[in-house]
Structure formats: structure tokens, C-alpha cells
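This report refers to the structure that appears directly beneath it.
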Amino acid sequence: MNALLDGVAWLGAFVLGIVEYIGELGMFAASGIAHVVLPPYYPRQLGRAFMEIGYFSLPVVALTALFTGMVLALQSYTGFSRFGAESAIASVVVLSVTRELGPVLAGLMVSGRAGAAMAAELGTMRVTDQIDALSTLATEPMKYLVAPRLLAGTLALPALVLLADIIGVLGGFLVATNKLGFSSGGYLTSTFNTLQTQDVVSGLIKAAVFGFVIALMGCFNGYRSRGGAQGVGAATTSAVVSASILILALDYVLTQVLFVK
Amino acid sequence: MSGPKIRIRGLKKHFGPKKVLDGVDLDVATGTGMVVIGGSGTGKSVLLKCILGLIPADGGSIEIDGVDVLKAPRHQARALREQIGMLFQNGALFDSLPVWENVAFGLLAQKKVSRARARDVAVEVLAQVGLGPDVAGLSPAELSGGMQKRVGLARAIAARPAIIFLDEPTTGLDPIMGAVIDELIVDCVKKLGSTSVAITHDMASAQRIADRAAMLYEGRITWTGPAGELMTCTDPVVEQFTHGRAHGPIKMALRR
């Protein structure tokens, strides 16, 4: 009987813990958005966040997109040649990259790079009293630390994804024309005939949502970290894992909303 | 002003079932230095954080210049707290900013000066704490512990605050550097005419930087008196604490 009660108590505590976490996250997000909108603004912090999230993530996102496009072209050729549908490769590559792989893979890579860095930086600031110090210097930490990162994440990831789309299609083009015997003109014509504005725009909408989620989870986990180096490490891990899971889950939801009629 | 600069009444704060502050009453007169002493984990830092608004109090009142900061509208509480400078125990310098920007951070945040002027002010304030202009461009990570404390003090006084809080100002420093920091604190506070509140375990430091002392024990202020009388005080709790005796009314939990 006691074991049963212990189990119920554990389950109750577990559920309450999840509800509390979601509630805290929601309040943190709402506060962060309010600070994005309301003055004062910190343009230097915003510029720094853009550099961290956007510029410094460019190499890893570009390489990921390039090799993804190349592999996609190769794999599509292997499969489609069984049915004599090799001509569809350009369409498959461009739609896969713009609608799906560009935003998701860029999101996962930026989460691992910039999201982890955000959590580690804010976590270290928390455990070394730097966030408290901001408060004592007439500066709202949410406005100074969190709001610029949320805005930069939301705006920088679409820019990264736009570049990833181009580089990913380029990767497929290089493999198709140099290895699989496609003509340059034919491949590009097929690509542009297939591609519609909505494909790119929907990918960019996904990227904006993923960018916000990456910054939110990085800031949230770093901001509430406790307990020294171990706490900062746990916050960093939690930021990357939670952002990655949310990206994959939201990708399904957004695909349902944006593409399924 | 006739009343005290800071007046605390019945301040309460608990974490779960543990009552850390259980009705703290404390007055700090304008232009004087108060030091709060007490064992580790007795709530000295919590008391400071409640006054600074870094953690919410559960009850009581904290008046600064007669205004209860716990009940004041947000903008008024913020304005009152803009009068406050704080020296953190570990410095808490912003490691992403150079020394001069750390020192001038409050001035820039309150938009009191331009960036160009802020750097000049920072160099002036660094000189007050015995640091040359060559330090201004360094990163906090390039400084020794003593220099970090000085930069932390410079940051605390840069905006010429009416109240300065000092959290363990000499912790982690050798005795000579500790004495140097204490002299700087006294000098800076006197020049500004500020009110100061310090918490420390260092009895020599407590007597150097404060006019009055208060003993925090079991969540309450159990004794107040002149800081110069700390070592001769006959109150059994204070006497045991200041002389570091293992036996007495203060029971420390030992884990074997």
C-alpha cells in the first residue's frame, strides 16, 4: 500500500514539476517579448547577439546545407533511377531543402552552437552574481540580456536559412551536374519551375519560430541555473536538448499548418 | 533628514520551511556605516538581497528615506534603488566588458553621461581606488583578486550613490590587501558622504569600516552597538562569535 502511495506521490510531483516548468517558461517568454517591444533598447547588445547567433553560425550552417544538398541528390538518384524518375531529383532537392531540411538542420546546428553558448554565458553570469549586479546598476537583466537575444534569434535564423537554402540547392546542383550527368541548364530550369514563393517563405517562417525557440531555451535555462559549474553544465545541456526537441515537434505542427490543406 | 536613512521593521524571508529572516529590525542613520555580522548561513546575504530587491521579502517593511520600497510603485522603488551602489563578494564584474565599461556601467545605464565622457569618469574613479589608466582597457579576467575588488568598489561608487552595500569586502584577500581595501572604502564613503551597510565575518574589517554593528542570529538582530566595542562586548552571542569560540549559545551543526 505504501509503495502504491509513494508511486502516486511521485507521479503527482512529476506532473506538478512539468506544469511548473511550463508556467515558468511561459512567463519568461511573455516577459522577454514585452522587453523586446518596450524601451529602453540596447542596440550594442542586439548587434552582439546578431554576431553570435548569425555571423558566427554561418560556417557550420553553410557546410551542413552543402553536404545535405549533395547527399540528397545522390540518395534521390539511387532511389528514383529504379523507377526512371531521375528528372524529379531537382524538384526533390529544392523542395526538401527549402521546406524542411534548411530550417530544421540550421535550427539544430544553431541550437548546438549559439543556444549552448547563450545558456553557458547567462548561467555563468547567474552563478557569479553578474545578473544581480546588473539589477543593482539600474539595468533590467531581462531587457539587457534576454530581449536582444530573443530578437536576434528570431531575425538571424531566417537569414541563415535563406543562405542555407541557396547553398543546399547548390550542393545538389554540383552533384547532379558533375557526378550524375545532368545538364546545368536542365537542372536549374527544373529547380525554378518547381520552386514557389510559398516554399521559401514557409521555410523562413519556420526558421523565425525556431530561432525564437533556440534563444528562449538558451536564455531560460541559463537565467535560472543554480549551483556553480555543475549547474551551468546542466543548464547548457538542457538548453540544447529542449530546443532540439521543440524544433522537431514544432516542425511537425508548422508543416501541418503551412502545407497541409 | 530626521529619520534614519534605512529603517527595517519585521522583515521576514523563508525558503520552504526554513525561516532565514524572522522579523529583522534595523535602523541605519544617514551618513554612518553599519556592519551586520553573523555566522555562515544566518541570512546576512539574504538581508542585503531583500533590501536591494533581488529577492522578494515575505513580510515586514524596508524604508529608504521614509519610503517603503516593498510597497512603493515599481518606478519609485527603482528610483530609490538607483541611489544604491553595491560591492559584491566576488566582484561580479561583467567579463564581457572592459574594466572602464564595468566602472561606468551604472552611469551609461542611467544615461547620465555620453560614452566618451563615461570613459573619462571611469578613469577618474579608478584613480580614486588606486588603479592607473592602463587598467581601464583590460578585461576583468586579466586582474588579480585585489584589483577586481578595487574595480568592484569603483563601480559601486561611480554613480556617487547615497547608500553603498558591501558584501564581504575583504573575503579572499590577504590581510594587507584587506586593510588597503578597507581604507579605500572608508575614504570613498567619507568623500561621498554616503551611508554604508556591510556584511562581514572579518572582525578587524568590521571595526575599520563601520561606526555601528549589528548581530544577526536566528533570523533576528539580537544586538546592536558601536563597532569599536565588538571585541569587548559582553553579549554572550556576540562574544562567542567575535572571539570564534566553539562553545557557547551559538550551536553549529557538526557532521561526522
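So here's what we get for this one:
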quantity: Of residues in segment B:23-44 being charged (D, E, K, R) and crowded, with 16+ Cβ neighbours inside 10 Å, the one nearest to B:M203 (Cα to Cα); calculated: B:K44
quantity: Top-ranked residue of segment B:107-120 - restricted to ones that are assigned to a helix (DSSP H, G or I) and within 14 Å of chain A (Cβ to nearest Cβ), ranked as nearest to B:L153 (Cα to Cα); calculated: B:L107
quantity: Residue in segment B:3-44 that is farthest from the other protein chains (Cβ to nearest Cβ), counting only those that are over 16 Å from B:S196 (Cβ atoms) and of a type in the set (S, T, N, Q); calculated: B:T42
quantity: Any hit, segment B:170-177, residues being surrounded by fewer than 18 Cβ atoms within 10 Å (Cβ to Cβ), within 14 Å of another protein chain (Cβ to nearest Cβ) and within 15 Å of the chain's Cα centre (by Cα); calculated: yes
quantity: Residues of segment B:81-106 classified as in contact with a helix residue (DSSP H, G or I) (Cβ under 6 Å, 6 or more places away or on another chain) and more than 8 Å from chain A (Cβ to nearest Cβ), total; calculated: 7
quantity: Residue tally, condition outside any helix (DSSP H, G or I), at negative phi and surrounded by fewer than 22 Cβ atoms within 10 Å (Cβ to Cβ), over segment A:163-187; calculated: 3
quantity: Qualifying positions in segment B:208-234 - without any contact (Cβ under 8 Å) to a residue 40 or more places away in the chain and either assigned to a strand (DSSP E or B) or of a type outside the set (K, R) (or both); calculated: B:T222, B:W223, B:G225, B:P226, B:G228, B:E229, B:M231, B:T232, B:C233, B:T234
quantity: Count of residues meeting criterion [loosely packed, with under 15 Cβ neighbours inside 10 Å and in a loop (DSSP other than H, G, I, E, B)] in segment B:178-207; calculated: 1
quantity: Checking A:P141 against (1) surrounded by fewer than 24 Cβ atoms within 10 Å (Cβ to Cβ); (2) in contact with a helix residue (DSSP H, G or I) (Cβ under 6 Å, 6 or more places away or on another chain); (3) away from chain B (no Cβ under 14 Å), the condition it does not meet; calculated: (3)
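Computed from the coordinates by the stated procedures, all read-outs in this text should not be read as laboratory data. Because the structure is a prediction, the values reported are computed rather than measured. Note that we place each Cβ from the backbone using ideal geometry, even for glycine, and neighbour counts take in every protein chain shown.
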